[in-house]
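The values are calculated or read from the model by the stated rules, or taken from the named source; none is laboratory data. These figures come from a predicted structure and were not determined experimentally. So basically every Cβ, Gly included, is an ideal-geometry build from the backbone, and we count neighbours across all protein chains shown.
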Amino acid sequence: MPEADVMLGTDHGSVPQGRRGGRAARVARRADQDRPRSPGVLTRKIPLYNLLDEGALEELEAQADWILKEIGVEFRGDDEALALFKGAGASVDGVRVRFDRGLARSLCSTAPKQFQMHARNPAHTITVGGDSVVFTPAYGPPFVSDLDRGRRYATLEDFQNFVKLAYLSPWLHHSGGTVCEPVDIPVNKRHLDMVYAHLRYSTKPFMGAVTAPERAEDSIDMARIVFGEAYLEDHCVIQGNINVNSPLVFDDIMTGALKAYARANQGIVLSPFILGGAMGPVTQPALIAQAHAEAMVGIALGQLVRPGSPVVYGNFLTTMNLKTGAPTFGTPEANLSAFAIGQLCRRLGLPLRCGGHLTASKVSDGQAMQESADSMTAGLMAGANYVLHAAGWLEGGLTMGYEKFVMDLDHCGMMHATLGGLTIDENTLGGQAYREAGPGENFFGVAHTMTNFETANYMSDLADTQSFEQWTENGCMTHEQRANRRWKDMLAAYELPAMDPAVDEALLDFMAVKKNNREDQWY
């Protein structure tokens, strides 16, 4: 057995053994429904949607080139980045960098079209790019909410809970990053606890810190402790989520973190964050061109640091209420832009990131579900390979909702089925079923139904399909109330995956040294 496999340990699943009866058994059975029905890899088997023709795409690319040449992008506080771009042929004036037509695109050409992210349990290793699709939880909320305690600041316990929930679900392929902000831990130390939680409570791929270059380095060092320093040289196991300070600005915090991950040959998800009318013009074509320009420049920097380092072309472009200034999600304009950006990304030949179940709603209501479903569907039809914010997002990203998380998981399961497409063969055409049932008879008891009923349809374990009388007899529970019970049952059934005790001890020692050498900072 390879050394890495011995060191990383074995994933023993999520349901405790030895419990046979009573409530514990029911909890385990319900949690077992959330185990993979099939291998966790999700491959697109349906076409994606191309909105624009060749002429329109060329106009957008030309506008992106115009922005980069005539306006330029500022790199503030990072002399190394300025020097790298100057050496690559860009024009540097102070902190402003300008690019001749086609230069930024050419600098992106060394980025891989697809890559693997290796997990602590090899069964959870994922491919990013091509026809593969990866779902990952929401990222960054400082608040959490549930039906029992309402909205409140997130804690480390909440962070650990969401890591566990993501680990238990077959519909999420990735543990996420800052799934919520544990505000009970000092700002300059919480990244250590977050990375440890991903490594210890899950065996799926994950993201590290980007809020300071040294925190990015700490995250990578912790990954080296688990996977081995040599292993990271040619295996991606961790990513950094890098945002542009739109419009057209990178600061030294983001570029410092970007360079740390690129130098270590680890992943970057490079995402402009643009609200139309605030961080760019109000019209969508202008924003699409701006987002394309910003993404190319960030990707180019990573490739100048280390050619061939893995990257995802990110997209977080949405609208805002132009009367109030509030962000809006799932809108037709934002969804149309996702289609266009997907096409531009494919012309670069890079993996595409889109937003997932996004909503401005404060609670898991009809607005949340409508906006979330529209946003998720648009991203998938646009060709997303990597879906960030696939579960838990509320209140424009300010809140991570426990009930929303498992409601989104259920919808992720539906999207698995949708992306899997239709299989047309002798079995699915069901000829033998017609022979057995004949005209005027139902098909419930025929052999074909008995053989296929478990896999023929996606079966939600949250949606209510009872009669009104049965639903009333069982307590008239709403979807949100059922989700409340669901996440509690999942956490009750969670079992810690195995890890070599020596590796665990090394992680804890690393964290202790780093924490002891730093004064607490709360802002």
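Odds and ends about this structure:
- Among the numbered conditions (1) in contact with a strand residue (DSSP E or B) (Cβ under 6 Å, 6 or more places away or on another chain); (2) modelled with pLDDT of 95 or more; (3) assigned to a loop (DSSP other than H, G, I, E, B), the only one that ALA209 does not meet is (1).
Conditions (1) assigned to a helix (DSSP H, G or I); (2) surrounded by 12 or more Cβ atoms within 10 Å (Cβ to Cβ); (3) among the aliphatic types (A, V, I, L, M), marked per residue:
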| residue | (1), (2), (3) |
| --- | --- |
| VAL41 | no, yes, yes |
| LYS45 | no, yes, no |
| LEU48 | no, yes, yes |
| LEU52 | no, yes, yes |
| ASP65 | yes, yes, no |
| GLU74 | no, yes, no |
| LYS86 | yes, yes, no |
| VAL97 | no, yes, yes |
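- Every residue from the range 459-505 that is in contact (Cβ under 8 Å) with a residue 24 or more places away in the chain, assigned to a helix (DSSP H, G or I) and either closer than 18 Å to SER202 by Cβ or charged (D, E, K, R) (or both): GLU480, ARG486, TRP487, ASP489, MET490, LEU491, ALA492, ALA493, VAL503, ASP504
- Of the residues making up the range 297-310, just one is assigned to a loop (DSSP other than H, G, I, E, B) and of a type in the set (S, T, N, Q), namely SER309.
- Only one of the numbered conditions (1) closer than 21 Å to ARG96 by Cβ; (2) of a type in the set (Gly, Ala, Ser); (3) outside any loop (DSSP other than H, G, I, E, B) is not met by ALA262, and that is (1).
Per-residue answers, yes or no, for (1) within 19 Å of ARG482 (Cα to Cα); (2) in a loop (DSSP other than H, G, I, E, B); (3) under 32 Å from the mean Cα position of the chain (by Cα):
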| site | (1), (2), (3) |
| --- | --- |
| VAL363 | yes, yes, yes |
| ASP374 | no, no, yes |
| THR377 | no, no, yes |
| MET400 | yes, no, yes |
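- The set of residues from the range 180-196 being surrounded by fewer than 23 Cβ atoms within 10 Å (Cβ to Cβ), among the hydrophobic types (A, V, I, L, M, F, W, C) and in contact with a strand residue (DSSP E or B) (Cβ under 9 Å, 6 or more places away or on another chain) comprises just one member, VAL183.
- Residues (crowded, with 16+ Cβ neighbours inside 10 Å and of a type in the set (A, V, I, L, M, F, W, C)) located in the range 99-131: PHE99, LEU103, ALA104, LEU107, CYS108, ALA111, PHE115, MET117, ALA119, ILE126, VAL128
- Selection count, the range 163-179, where residues are under 23 Å from PHE227 (Cβ atoms) and touching a strand residue (DSSP E or B) at 6+ places or on another chain (Cβ under 9 Å): 9
- Test: residue in the range 415-435 that is surrounded by 21 or more Cβ atoms within 10 Å (Cβ to Cβ), closer than 23 Å to THR478 by Cα and touching a Gly at 6+ places or on another chain (Cβ under 9 Å): no
- A single member of VAL163, VAL187, VAL183 is in a helix (DSSP H, G or I) and either more than 19 Å from the chain's Cα centre (by Cα) or without any contact (Cβ under 8 Å) to a residue 40 or more places away in the chain (or both), and it is VAL163.
- Of all residues making up the range 311-343, the number that are part of a helix (DSSP H, G or I) and surrounded by fewer than 24 Cβ atoms within 10 Å (Cβ to Cβ): 6
- Any hit, the range 367-377, residues being touching a Cys at 6+ places or on another chain (Cβ under 9 Å) and crowded, with 24+ Cβ neighbours inside 10 Å: yes
- Residue in the range 191-218 that is nearest to the chain's Cα centre (by Cα), counting only those that are closer than 19 Å to THR125 by Cβ and of a type in the set (Gly, Ala, Ser): GLY208
Per-residue answers, yes or no, for (1) loosely packed, with under 10 Cβ neighbours inside 10 Å; (2) touching a Leu at 6+ places or on another chain (Cβ under 8 Å); (3) closer than 27 Å to PHE405 by Cα:
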{"position": "ASN442", "(1), (2), (3)": "yes, no, no"}
{"position": "VAL446", "(1), (2), (3)": "no, no, no"}
{"position": "PHE453", "(1), (2), (3)": "no, no, no"}
{"position": "ALA456", "(1), (2), (3)": "no, no, yes"}
{"position": "LEU462", "(1), (2), (3)": "no, no, yes"}
{"position": "GLU469", "(1), (2), (3)": "yes, no, no"}
{"position": "ASN474", "(1), (2), (3)": "no, no, yes"}
{"position": "GLN481", "(1), (2), (3)": "no, yes, yes"}
{"position": "ASN484", "(1), (2), (3)": "no, yes, yes"}
